[in-house]
Amino acid sequence: MNAAAPRSFAELKARALAWYQAREPREQRVLLVGAIIAPVLILALIVLGLHGVVNRLEKRVVRKRADLEYVQSVAPILRQIPVRSASSESLNALIDRSTRDAGLAGSITGVDPAGPSQVRVRLENASFDTVVGWLVGLQQAQGVAISSASIDRAQAPGRVNATLTLARP
């Protein structure tokens, strides 16, 4: 071990105190003020950062609750819409045709099988209103149901990225 290195906390404390006392009184005051102000500033920056994060999360919760309320308000109306009989067209072909008809073909980034009579559809930067209209049309005209959905806001207002699992009964 290095002979100059402190061997204990007490020795380290004694060295620091000796170094401090060797400073001029003016330097000692500056060091003392700095030792008080630095932790306060660091703590204030941490608190302000956390406050900003909490505010953003609270706003997100409010938006999600509003979205949930809207979906819950229209769900009974959508359940009352009669389901028409499904065509003999394959689910992949139906998705391809219906997305082109709805103007979503450019937003499709993937259509993959997700099980028997199910496909997973990925959309990027699609109009939210167009996606909802397309899904309602699929349900009404073809009896296609949404097994699962993950819809996230895209950068542009009114645009979404979505991963949907669609199924035929």
Accessible area per residue, 1.4 Å probe, Å², for segment 1-142: what's the number? 75
Alpha-carbon radius of gyration plus Dmax, which is the widest Cα pair, for the chain in Å: 31.1, 92
For segment 122-167, what is one quarter of the convex hull surface built on the Cα atoms, given in nm²? 2.8
Given only helices, namely DSSP H runs of n ≥ 4 each adding -39500 (n - 2.57), what is the per-residue ellipticity at 222 nm of the chain, to the nearest 500 deg cm²/dmol? -20000 deg cm²/dmol
Using a cut-off of 11 Å between beta-carbons, work out the net charge of the residues near THR163 (Lys and Arg +1, Asp and Glu -1, THR163 not included). -1
Among the trypsin sites (Lys or Arg not before Pro) within segment 82-149, which fall in a DSSP loop and have no more than 13 other Cβ atoms within 10 Å of their own Cβ? ARG84
Unit charges on C-beta of K, R, D, E only; dipole of segment 83-169, Debye: 80
Taking 0.36 nm per residue of separation between ARG56 and ALA35 and subtracting their Cα-Cα distance, the length gained on full extension comes to 4.3 nm
Rough spin-label spacing in nm, given labels placed 7 Å along Cα→Cβ, for ALA22 and GLU69: 6.8
If the chain between ARG97 and LYS13 were fully extended at 0.36 nm per residue, the gain over the current Cα-Cα distance would be 22.5 nm
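The values are calculated or read from the model by the stated rules, or taken from the named source; none is laboratory data. This one's a predicted model, so the numbers in the text were calculated from it and none came from an experiment. Using ideal geometry, Cβ is built from the backbone for each residue, glycine included, and neighbour counts are taken over all protein chains shown. Protein only, heavy atoms only, side chains kept; ligands, DNA and RNA dropped before computing areas. Shrake-Rupley method; radii C 1.70, N 1.55, O 1.52, S 1.80 Å.
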